[in-house]
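What follows is calculated from the coordinates using simple rules that are stated; it is not laboratory data. Model, not experiment: these values are computed from the prediction. Cβ atoms come from the backbone with ideal geometry, glycine included; neighbour counts cover every protein chain shown.
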Ligand SMILES: NC(=O)c1ccc[n+]([C@@H]2O[C@H](COP(=O)([O-])OP(=O)(O)OC[C@H]3O[C@@H](n4cnc5c(N)ncnc54)[C@H](O)[C@@H]3O)[C@@H](O)[C@H]2O)c1
């Protein structure tokens with residue numbers, strides 16, 4: 001029987017609330033007439049004022065301060081988790097145990113142990129479990145994946161990827177949970193490195209082992225006069241060996257001066273190569289050795305409605321999609337998982353656990369100075 005309506009609750013009302021609310025408010029229109037009615041029931045935040053403002057501003061019917069007001073509520077079908085990383089597991093496991101579908105922000109959890117509990121709970125519940133690795137489902141990256149699957153670049157020999165931002169390059173940026181390893185699990189490498197690692201795995205395959213060097217650029221961040229001690233990396237550089245023999249390097253920093261949202265990579269194959277950066281997110285560069293040598297070179301493919309993930313948006317090619325649409329794409333995957341009864345639609349908890357394992361192995365490698373198996 002077709003599902004007529006899906007009732008959502010969301011836990012957390014910080015930066016991510018805007019993006020998820022925007023997607024929820026608009027997806028019915030984009031998927032018309034095939035979308036169930038979307039009902040934005042309740043927002044929870046431990047900060048009452050934040051929850052109230054979020055509800056009023058973004059159109060949630062009610063607000064509350066206890067996550068159980070969502071994870072255990074009879075009038076909720078899906079729980080979206082957008083709390084700090086250390087609070088993902090408790091909410092997700094409780095929601096799954098109470099028969100809810102879950103959409104969880106990345107990284108899946110602060111630790112591998114917590115991520116494993118989430119994967120187990122999802123398998124037991126048989127409910128949709130989607131992770132917001134929303135760069136991987138981006139139309140240009142999906143096209144890269146298709147080119148690779150179709151054999152257009154031959155065997156992959158190398159992946160070089162990075163995610164550089166500079167939002168934390170100011171040493172006066174106040175201390176927050178992101179700088180506390182006991183809540184975040186890792187610093188720049190868990191926060192944004194997890195996105196580029198997720199893409200590396202989606203394009204090349206699982207990672208076998210990793211070596212790493214981390215750098216804490218700012219030891220303290222202001223909260224009190226003496227400052228609070230930072231316990232995470234501001235920058236991590238890794239060498240990576242994939243299970244299929246490809247080798248690569250993946251670096252991440254949130255203090256990379258001048259780089260705004262520079263999630264970029266090159267994949268080198270025996271017959272071709274692919275290049276991408278999010279700062280030009282509607283373009284994919286592709287080199288094929290099938291081209292005649294005298295006109296050979298990277299071609300610039302402009303993304304638009306002809307590419308499947310971009311189809312619901314703008315008909316004309318090249319008008320451009322952005323960060324907001326990435327959340328609509330993920331939400332569509334979640335709705336597909338629920339309506340088609342395919343709970344492990346990608347990106348799912350099990351895939352995200354592998355990324356958690358890579359991040360933890362990188363931190364271990366940085367401490368031991370050795371290669372560490374994932
Ligand atoms: N996919 C992306 O592009 C992207 C971008 C930014 C952040 N994120 C992820 O989203 C999550 C949230 O990040 P953010 O930037 O919105 O954080 P934030 O600090 O802006 O907001 C977190 C909110 O959660 C609330 N909170 C904390 N603990 C809670 C608990 N136990 N129960 C209920 N509410 C609680 C806080 O009061 C705060 O309002 C993180 O996991 C982060 O990694 C993803």
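Couple of notes before you dig in:
- Sorted peptide list for 16-25, 358-367, 61-70, criterion being average Cβ within 10 angstrom, highest first: 358-367, 16-25, 61-70
- Residue-averaged 222 nm ellipticity for the chain, from DSSP H runs of 4+ at -39500 (n - 2.57), nearest 500: -10000 deg cm²/dmol
- Centre-to-centre, using Cα atoms only, region 67-89 and region 184-236 are separated by 26 Å.
- Protection proxy ranking, peptides 201-209, 320-328, 300-308, average beta carbon neighbours within 10 Å, highest first: 201-209, 320-328, 300-308
- Residue of 238, 339, 214 that the Gaussian network model of the chain assigns the largest fluctuation, springs spanning Cα pairs under 10 Å: 339
- Spatially, region 305-374 and region 129-159 are offset by 10 Å when compared through their Cα centroids.
- Just so you know, the averaged projected area of the alpha carbon convex hull for region 202-337 sits at 12.9 nm².
- Among beta bridges from DSSP that stay inside the chain, the antiparallel ones total about 60%.
- Along its principal axes, region 126-272 has C-alpha extents of 58, 36, 27 angstrom, given from the largest down.
- For region 5-134, the spread of Cα positions along each principal axis, largest first, Å: 37, 36, 29
- Candidates 210, 80, 38: whichever shows maximal mean-square fluctuation once the chain is modelled as a Gaussian network with Cα springs under 10 Å: 38
- Both radii come from the Cα set of the chain: Rg as radius of gyration, Rh as Kirkwood radius; their ratio Rg/Rh reads 0.97.
- Principal semi-axes in Å for region 1-76 [√(5λ), Cα gyration tensor, largest first]: 23, 15, 8
- Orientation-averaged projection of region 216-291 equals 7.7 nm² [convex hull of Cα atoms, one quarter of hull surface area].
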